[in-house]
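Following: one structure in C-alpha cells, then a few remarks.
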Amino acid sequence: MLKPTTIARYRDYVHNDLVPAFGTLKLDELGHRHIAAFVTSELAAGRGQTTLYRCLVTLSSALGAAFRQHRLAHNPASASALHRPPSRERRIWTADEAVRFLRHCHQADPDMADLFEFLIGTGMRKGEALGLHWDDVHLPERVLYVRCTLSAIDNNHLVITTPKTRSSLGWVAISPHVATALQHRAQSTTHSRSDPGDPFAGLVFCRPDGRPLRPQGVLDRLRKPSDEAGVPRITVHDLRHLAATITITAGVPLTGAEKTGRRTDRPAWLQPPRDHIQRLHEALHRLRSPAPPAFSTMADKPRTGRATTLRPRGLRAWKRPPSHG
C-alpha cells in the first residue's frame, strides 16, 4: 500500500506535469520523442534534474502498467531510457563545527538543541525522530524502538506512517549523550500517553502544547543558529550523514592533530562508544530477562500503565509492536 505522501507526490506529477504535457495524445501515440521534448523544455525552464527524474519515473510506472495489460506494445519511458542525475555533493560539518553549532544552539534554542543532539547521536531520519513517542523510549535500558515517521503532505497536512524502509524498524541503542538530551526533554515537557485515537499524542519532540513539529519548521530552526554560530548551512538530512561520518572517523586524529602529534580535543560524547553494538545486545538481553525493570518515559519518574513496545521473549519469537493507528 502506498503512503499518503507518495500518493500526493504522484498526484502532483500527474496533474501538474504529465497531463498538461501529454494529455492531448492517445496512449498508443505517445513515443520517446514526446518524452524527450518534454525533458528538454523542462530543463530549459530551469526544472531541477532530480524532480524531473522523479516525474519521469512516475510516468514510466504508469506506462509500464499499461504495457503489462497489453494496452501498449512497449514502454516509451522505460527505466533504461531514464538517466538518474548525479547526487549533489554534500557539505558535512566537521566535528569542531558540530560542537560549535550545538554549544550555540543550547543557548539560543534549547528545545531544538535536544532534537539536533538526538539526530546527530542516533543517525535517525528527521521524520523518525519527529514521530518518536515516549512509549517507545526506554531510558533505563538505554534503547528505543523505531516504528513511526512523521511526514507532511503538500507541506501542510501532517500524518504518522511507518518508516521509509523496513530495515528502519527496530531497536536503536541510546548513547549517554543522547540519553541526556532525552532526559532534558522529559524534564522540560508535559508528558501524555500515546492515544490510538490521536497518533500525535505522546511525541518526544513536539511543540510546547504537545502538537507535532512541522518538518519544514525544523529546517528553518536549523538555519538560523547555523548562521549565528558561523557554520555552513546544511539540511536536516545532512545531520544523518554527519552521524555516519563521526562514526567512521571516531578515534582518528584530524589533520591539525597529526601535525602537532596530539589527538584532537574533540569531546568524548561526540565519539560514539566502541561497544555500541554490545550495549544494544546487553539491553535486549535485559529486556528478555524474566524480571526486567519497569519501563518509564523518564529516568527518574516511573510511568503507570503498559508500554506499547512489548518486552520480547526472544529474538526469533519477537513481534513488532502494534502501530499507533
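Any read-out appearing in this document is the output of simple, stated calculations on the displayed coordinates, not a laboratory observation. Bear in mind that the values here come from a model prediction, so they are computed numbers and not experimental data. Quick reminder, even Gly has a Cβ in these numbers, built from the backbone with ideal geometry, and neighbours come from all protein chains shown.
Taking label positions 7 Å along the Cα-Cβ direction at both VAL19 and ALA36, the computed distance is 2.9 nm, reported to one decimal.
Under the shape rule built on the C-alpha gyration tensor, where the axes satisfy a ≥ b ≥ c, the stretch 98-179 is oblate, since a/c reaches at least 1.5 while a/b does not exceed b/c. Here the gap between ALA66 and ARG233, fully extended at 0.36 nm per residue and compared with their Cα-Cα distance, gives a gain of 55.7 nm.
Peptide packing for 197-207, 22-32, 61-71, 223-233 was compared via the average number of neighbouring C-beta atoms within 10 Å per residue; ordered from the highest value, the list is 197-207, 223-233, 61-71, 22-32. Under 5 Å from the amide H of GLY131 lie the amide H atoms of LEU150, each residue being 5 or more positions distant or on a separate chain, with H modelled from the backbone and absent for Pro and chain starts.
Volume per residue for the stretch 23-139 equals 210 cubic angstrom (convex hull of Cα atoms).
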